[in-house]
Amino acid sequence: MPPLVGFAAGPNPTASTPTVPSGRIFRSKNGLLRVKLLAAPGTVPVNGVPTANVQAYNGRVPGPTIVVSPGDRLKLNFHNQTTMPSNIHYHGMHVSPKGNQDNVFIQVPSGGEFDYDVRIPADHPGGLYWYHPHWHPNVGPQVWGGMSGLLVVRGGAAALPELKDVRKRIMSLRQIAFTPDGELDLYGAAPAEDQSHLVNGQLMPEVSMRPGETQFWQLANIGVNAYYNLELPGHTFTVVEEDGIQVWQTWETDKLLFPPGKRYGFLVTAQKKETLLNLMQAGYNQGLDDWPAMPIARVRVQGEPAKSVKLPEWIGSKPDWVTGPIRNRRVLTLSQNVVDNQPLFYIDDVLFDNLTMQDIPKVLVNSTEEWVIRNASSPLGGAPHSEDHPFHIHINGFAVTERGDWNPATNEVTNREVIVPRGEADTENVKSNGYIKFRTKFADFVGRSVYHCHILYHEDHGMMGAFDVVDSRGIGPGPDQLLPSQMHSHG
């Protein structure tokens, strides 16, 4: 593990547990939550040590945790004291993309404020989500500076009767890097091998478990581009939640891959003997960035033995749209190039800034579509090198039904794997020279939203598209949901 520069005088990183500290949680009550969120630069405690050059929500890294229930109203007053425009995106939430809800086309200027009024549906899935800025083209620098936090919707897998007495832990994962003076390093300056990783804002915290105890862990990758390939040696994870939604069929695995934006909820049962081991980042090569293996937390098993818990394989019902009729099929191709020494990232050969109405897919509300996402980011596709892309879509989740290899030079598909979905996702890694196929239902809401690569440098440099969900009359986007090209023409 690289040295943690600037923390020699900090607190013992093994002395705390990664539960969300008191004072950092906003909880709804009686169907309403009012939150004031201030984004501002300054010197902020990171792992207990004052760190300069941070820009954070309410002076904390990560930002405060927001806890709501299905059917609640979230009234969030956002003050932007950073030096650039910003806004708030509710990652993974199934809420309206219009007006003052999850509208990523809102731009809150430096020194400005905005009142969000998010109406959470009564049937919204319970699970782990997160929030972060989504002002194009500077999402990456703002999230790198510290602007991201967890959002929990009560219920879901956490409320299963079998898990009533199970200890639950919620953890955020994010990367960080420091200068020799202990300040936050510049965005994009530190290579993957020189970055450190925070668990709920702490370096190498300690998680306690009793011998044989089953715990429910919900983890979210809320960083800019790090991949976490997590494993706990000698243990398996039983997945019960993916991207905030309870799966209908559980599965066991010894590793879980968290590309940027990804969340999982899973059961882990401790060994029956006392031990101390590391929760490991097993390493992952994304193409450009090779994330090295390293420990990110300690797990101490000690104390009186506890009873373990097992869940049945089937804990829910598969939605009808996963196997029902499809109204439309679409193919999107992700690619990249270097123009005038500037890396650029495309969807269907178009940069986000250049989108016109002719480039916008129009989907009918409450219809199901099948999409194929192909990754041409490789020398075969004209790119300078190979890169994976974590594909994320707003407003609606999807069920992956197929994946395989795809040659962008010949259009040949090989190693085709048909997948029987076990749950929904909103963020899925697409390997270089590969593809995924998924089904998604654009339920409940009309309006304009986006899909993009969740490596934030890629998103900021073009790899984002927009889609319009319209009603039977063809009405969809709101008046404040202009494309960048439309904004330029009105400027």
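The values are calculated or read from the model by the stated rules, or taken from the named source; none is laboratory data. Just so it is clear, the structure is predicted and the values come from calculations on it, not from any experiment. Note: ideal-geometry Cβ built from the backbone for every residue, glycine included; neighbour counts use all protein chains shown.
Details
- Restricting Glu183, Glu213, Glu162 to residues that are surrounded by fewer than 22 Cβ atoms within 10 Å (Cβ to Cβ) and over 29 Å from Asn87 (Cα atoms) narrows the list to Glu162.
Every residue, every condition in (1) in contact with a Leu (Cβ under 9 Å, 6 or more places away or on another chain); (2) within 24 Å of Ala52 (Cα to Cα); (3) of a type in the set (Gly, Ala, Ser), yes or no:
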site	(1), (2), (3)
Leu151	yes, no, no
Gly155	no, no, yes
Asp165	no, no, no
Arg169	yes, no, no
Ile176	yes, yes, no
Leu186	no, yes, no
Pro191	no, yes, no
Asp194	no, yes, no
Leu198	yes, yes, no
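- Of everything in region 48-95 that is polar (S, T, N, Q), buried (at least 17 other Cβ atoms within 10 Å of the Cβ) and not in a loop (DSSP other than H, G, I, E, B), the residue that is nearest to the chain's Cα centre (by Cα) is Thr65.
- When residues of region 443-467 are limited to those that are farther than 30 Å from Asn285 by Cβ and assigned to a strand (DSSP E or B), the one nearest to the chain's Cα centre (by Cα): Ser449
- Residue-level analysis places Lys98 outside the set of residues that are in a strand (DSSP E or B) and charged (D, E, K, R).
- Of the residues in region 330-344, at least one is exposed (fewer than 13 other Cβ atoms within 10 Å of the Cβ) and modelled with pLDDT of 95 or more.
- For region 441-457, the criterion of a residue being touching a residue at least 24 places away in the same chain (Cβ under 8 Å), crowded, with 21+ Cβ neighbours inside 10 Å and among the small types (Gly, Ala, Ser) is satisfied by at least one position.
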